[in-house]
Each structure stands twice: as C-alpha cells, then as structure tokens.
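Worksheet: the structure to be examined is printed underneath.
The values are calculated or read from the model by the stated rules, or taken from the named source; none is laboratory data. Given the structure is predicted, the values throughout are model-derived calculations rather than measurements. Glycine also receives a Cβ, built like all others from the backbone with ideal geometry; neighbour counts cover every protein chain displayed.
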Amino acid sequence: MEEIEKSTEELLKEKLFYKKKNAFTSDEENYKELVRAYAEGYKTFLDRSKTEREAVVEAIRMAKENGFVEYKLGEKITRGGKYYFNNRGKSLYLFVAGTEPLENGIRICASHIDSPRLDMKQHPLYESEKMAYLKTHYYGGIRKYQWVTIPLALHGVVTKADGETVNVVIGEDEGDPVFCITDLLPHLAQDQSTKPLSKAFSGEGLNLLIGSEPFGECDEAIKLNMLKILNEKYGIIEADFMSAELVAVPAMRARDLGLDRSFVAGYGHDDRVCSYPAITAILENKNSEHTIMCVLADKEEIGSEGVSGMQCDLIIDLMEEICKCLGGNFNVVKANSMCLSADVNAGYDPLYSEVFEKRNSALMNCGVVMSKYTGARGKSSTSDASAEYVGKIRKIFDDNGVIWQTAELGKVDVGGGGTVAMYIANHNIDTVDIGVPVLSMHAPMEVIAKNDLYEAHKAFSAFCK
C-alpha cells in the first residue's frame, strides 16, 4: 500500500505529545517565565562570545563564579573538586570529580564554540583607488552572498614582536565604526545576476572596506593612515598582522524575534546555542555523583583539526589524569563513559520544504533534537549511535520530563553535515548528537526557538545529574 505523507500539522501534533505529557507541569506560566529568563542569559552569552576566544573567557568567568578553579596537567584532582582547563585560550574543559567509582564512566557534554566567519589574511591591508581594504579568507561553510553589505565588526588578538598580545574589538560599541563588503548596484549587475550563487561572489572578493582618508601626501597614504590609527589605539605595526588572529563577524546583537518574542535571532547559534546549555548544566550540578565533563571545542567548522580541535588527544590526556588521581582503570573508564555531542540540527523550514523529509525533520518549538547519526548521503562521517545507547538516553530524558524529538539533516541525497561525535566515539565512548534546531544555519543571522534552548538545558542537566 502506498504510504501517505503526513502534513506538517499532523507531525507537529505528534511531537507536541511530549510537551503535553511532560513539560508544562501544573504551572504553564511559570514554565514560560523560566524559558524567558534563561533566554536572556543566553543572549548575553551570545553577545559576549562572538569568537571562540571570547567564549572561553566568558565561560571561565561563569565557572569561577560557581566555584571552579583552574587545573593544569599534572596537578592533583580531588573528589568533589570542580575544575577548568584552558587550552591555549581557544578551547575549554570543565569537569567535576564525582563521588561514585570512576569505573562507572565519565559523562561528557561536548560542544563547539567556533562559528563561520571571515578571517583576515596574514598580509591583509592594502589600498586601491583611494580606498583601504582588509583581505579575508572565509572560515567554515558560508554562503558568500550573505556576508555582503551587512555591518561587520573586527574581533581578535594581535601578538606583537615583543611577545605582548593585545585584544582587538572594533564595531560593537554604539560609537564604534563598522566595516562592510560592498556589492554591485542592480543597475550594473546584469552579468552578475545571471551567475549561480556559488559563482556570483568569490572568496578573493570578500574584502572589508575600512577607510579612505589619507595621511599626508605620500604613496599609499590611506593605507598609512589606517596603520597610524591602529598603532595609536593598539600599538601594533603592519608586520604584526603576521602573528594575529583577526576575524570579521556580524556587528549585531542577539535580539528577540517575532511579535510573541518566541525566537532569538543572532550570530553564532551554531554552536553556542548548545555550548551555553552544556555550561549551565555542569555549573548548576550540585554534589555530583557522576564525574562529569563539559567540552567547549574549537575548529569544528573546519574538521576539528589542530591542538584546539576535537581530534586532538587532549580529552584523553585529561581523562588519564583524572584516572591517575582518583584511582580508576583508564580503559574501563573510557568504555563505560557516555557522551552527548551537543550540536545543532536544521530546523524544518516551510519556505524550503523541498530539501526536508518531514517525518524525520526537527520542528521548531518541539524540543531538543536527538540525531542518532549525522553525516552525508550513505551516512559518511558519522558514528551512528547504537540502539542500546539511544534507548538509554531516551529513558534519561523521559524520566526527567525533557521535551525531545529525533531528526536527520535534510533528505538523504540532498546534503548533510558532521559533528564532533565521531571523534569522541573513536575513543570507545558511546556518543549521540543532541542539539537545538536552527533556521538559516551558518548565516550571519541564525534563528532558534527559546523553548528548544531551554529544553537543551534540561536535557544536559538530566544527563549530568
């Protein structure tokens, strides 16, 4: 018999079953207030964490306020202790030594704090036809046209020849200038308009306009003036760009979206919308029975490579140190550990329904999403969690009243994407993806639902406790 495709409305009713069953307790208005308050804290985190370095700083601030102390490899770890390990200012590990035997395993929530952006090249500054520009190299999977003609801010660090590192933020304060990438006017864009989106804008053309006023009457006087301004404010010279990490990000703040304020619009939901609930879950955990860990990783958007990415062995080094101090058998601890790979999924968008398979799509406002597998097409680049492990996590969520749903990332042959799950699973640690559905993922302005954000917090809290 031919299967009849269900309507979006029918799917919504099915997924809302969990909401009717578990969520609104006896006081629906109190639940809504918790959601609103939690979203306000998240918006503050999002505005303060537009780069992975800024996210590390903000997470450390939150951790210290909750009694966490800095840990360095080789130091002593005690039962009940709360620690953070700062990995080069670009990734962060928070962990709490629980009271139960370590052989029961460590419960890990692993998210990433990098987002698509525009990195400055190492020789970025140039002058052309009486205007000064910075050349960029895009980072992660972006749609280039989305980054044109929007206000951009400059964030990052510059390490000078004497070893001093200075922080740079231009474009966020009300009185700051902003930057942009210009585009053709429609009157002259006839040829450009005939090109596919992937060809209409080039990576080498994504250059930031930063000024036009000269300094004196010398050659490249405008470029010289830009260097003069930067030197006066930050004490840097042109050669310092070679040891800098400067990035362009949207110069906008997280805002409520919709007449009912049910959504949050902002830059970097992927994946800080999962990082923040993972952080708050471990910070709010009191007298932990389990040994728990929150990983805030870098470089996920470009394959999790390098010393700050999830493919680095640092997580194993930390687990070994914990075992040495608390007396656990390392291999047994690994085998009994569990991980939630805290990353987003694509929210079903009715405006682009042709790329989604409705039965297995994440609906907005229907809770946190469990993705048994990610990857592309034939499940490439995925760990594909076992039925037993999915059942175990399912029970944790149901027992704790978490509103959750399951989903894939679009139709099978349309595309796909990966997360850090497979790198953790490669260490013999059961892992499954849990995250928040996002509209306009990887755009300079993404959209999430406040209800889904709060349910992510509940999910990670239930997993940790």
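Structure summary
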{"quantity": "Condition check for Lys458: in contact with a Lys or Arg (Cβ under 9 Å, 6 or more places away or on another chain) and of a type in the set (Lys, Arg)", "calculated": "no"}
{"quantity": "Residue ID - surrounded by the fewest Cβ atoms within 10 Å (Cβ to Cβ), chosen from residues in the stretch 276-330 that are of a type in the set (Ser, Thr, Tyr) and in contact with an Asp or Glu (Cβ under 8 Å, 6 or more places away or on another chain)", "calculated": "Ser308"}
{"quantity": "First in the stretch 85-104 and farther than 20 Å from Met310 by Cα, second anywhere and assigned to a loop (DSSP other than H, G, I, E, B) and hydrophobic (A, V, I, L, M, F, W, C), Cβ under 8 Å, 6 or more apart", "calculated": "Ala97/Ile77"}
{"quantity": "Qualifying residue in the stretch 167-182 (condition: assigned to a strand (DSSP E or B) and loosely packed, with under 13 Cβ neighbours inside 10 Å)", "calculated": "yes"}
{"quantity": "In the stretch 365-383, the residues that are charged (D, E, K, R) and surrounded by fewer than 16 Cβ atoms within 10 Å (Cβ to Cβ)", "calculated": "Arg377, Lys379"}
{"quantity": "Checking Thr159 against (1) touching a residue at least 12 places away in the same chain (Cβ under 8 Å); (2) among the hydroxyl-bearing types (Ser, Thr, Tyr); (3) surrounded by fewer than 13 Cβ atoms within 10 Å (Cβ to Cβ), the condition it does not meet", "calculated": "(3)"}
{"quantity": "Pairs with Cβ under 7 Å, 6+ apart, first in the stretch 197-224 and part of a loop (DSSP other than H, G, I, E, B), second small (Gly, Ala, Ser) and surrounded by 15 or more Cβ atoms within 10 Å (Cβ to Cβ)", "calculated": "Ser212/Ala132; Pro214/Ala221; Phe215/Ala221"}
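One line per residue, one yes/no per condition, for (1) of a type in the set (Ser, Thr, Tyr); (2) exposed (fewer than 14 other Cβ atoms within 10 Å of the Cβ); (3) in the same structural domain as Arg143 (by TED's automatic domain parsing):
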| position | (1), (2), (3) |
| --- | --- |
| Ser202 | yes, yes, yes |
| Leu208 | no, no, yes |
| Ser212 | yes, yes, yes |
| Leu227 | no, no, yes |
| Glu232 | no, yes, yes |
| Met242 | no, yes, yes |
| Glu245 | no, no, yes |
